[in-house]
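**Q** Here's a structure for you.
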Amino acid sequence: MRSIFDNVEYEKDVKPELRKLVDIYLDEKKKLILDGIKSSIFLTGVVGTGKTRAVKAIEKHLNEKKGKWFTSFYNFTDLMSRVRFKTEDNDFDLKLDNIAGFPGVLIIDDFGAKQPSPITIDQLYLILNYRYEHILPTIITSNLSLQEVETLFGERISSRIDRMSISFKL
């Protein structure tokens, strides 16, 4: 299936300072450690600054270098809709484990585009906390600052993102 992001280019669509952070994912000696225990990137900026385009270029670049399944990309709204419809007889917990425990780079695009329910905030915390505790790389894009994340999602979520991520503003 074709995508508007088929023609993204890492060198052209990702700022050099951000490429330096991303390229650490490819360095086996520094694998998954960006700054102490911070293995993730929180990419923020106002609407239209190219966050999704940059992260799609990053995804393409990492998959070309490390193999097709090195990254897993989720749009935040899609991820939250999957979490929200949890029922007793579905395999949601398996999906939650697969998302949280994905060994490659988990990409969550447009974080905060939709205000989640208290239940989905809890599920989101489980994903982020697992990835933080196991030093698994995550790239989150958002139009929100960390302060705005705290206002909408609470201190648990904003604190976890802050502790696990290097913030980068476009």
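The values are calculated or read from the model by the stated rules, or taken from the named source; none is laboratory data. Note that this is a predicted model, so its numbers are computed, not measured. Side chains are part of the model used for accessible areas, which takes the heavy atoms of the whole protein and leaves out ligands, DNA and RNA. Shrake-Rupley method; radii C 1.70, N 1.55, O 1.52, S 1.80 Å.
**Q** Summarise the accessible area of the stretch 89-170 (1.4 Å probe, protein heavy atoms) by the percent that is carbon and sulfur. Walk me through the intermediate numbers first.
**A** Values: 1910 of 3840 Å².
In the stretch 89-170, the share of accessible area belonging to carbon and sulfur is 50 percent.
**Q** Listed here are the pairs Lys38/Lys60; Lys20/Lys60; Lys68/Lys114; Lys12/Lys38; Lys95/Lys169; Lys38/Lys68; which of them are more than 19 Å apart at the Cα? Intermediate results must be reported in sequence, preceding the final value.
**A** Values: Lys38/Lys60 22 Å; Lys20/Lys60 16 Å; Lys68/Lys114 29 Å; Lys12/Lys38 26 Å; Lys95/Lys169 31 Å; Lys38/Lys68 24 Å.
Violating the 19 Å Cα-Cα cut-off are Lys38/Lys60; Lys68/Lys114; Lys12/Lys38; Lys95/Lys169; Lys38/Lys68.
**Q** Mind checking the per residue accessible area of the stretch 131-170 for me, 1.4 Å probe, whole number of Å²?
**A** With all protein chains present, the stretch 131-170 gives 46 Å² per residue.
**Q** Can you tell me the length gained on complete extension of the stretch Lys169 to Glu148, counting 0.36 nm per residue apart and subtracting the Cα distance? Provide the component values of the computation, followed by the final result.
**A** Details: separation 21, 0.36 × 21 = 7.56 nm, distance 1.42 nm.
Difference between extended and current length: 6.1 nm.
**Q** Quote to one decimal, in nm, the extra length available between Val47 and Glu133 on full extension: 0.36 nm per residue of separation minus the C-alpha distance between them.
**A** Numbers: separation 86, 0.36 × 86 = 30.96 nm, distance 3.08 nm.
Contour length minus the Cα-Cα distance gives 27.9 nm.
**Q** Of Asp109, Asp162, which has the most accessible area with a 1.4 Å probe, and how do the rest follow in descending order? Write out the running numbers ahead of the final one.
**A** Details: Asp109 10, Asp162 75 Å².
Descending order: Asp162, Asp109.
**Q** With every protein chain in place, what's the accessible area of Glu155 (1.4 Å probe, Å², nearest 10)?
**A** 120 Å²
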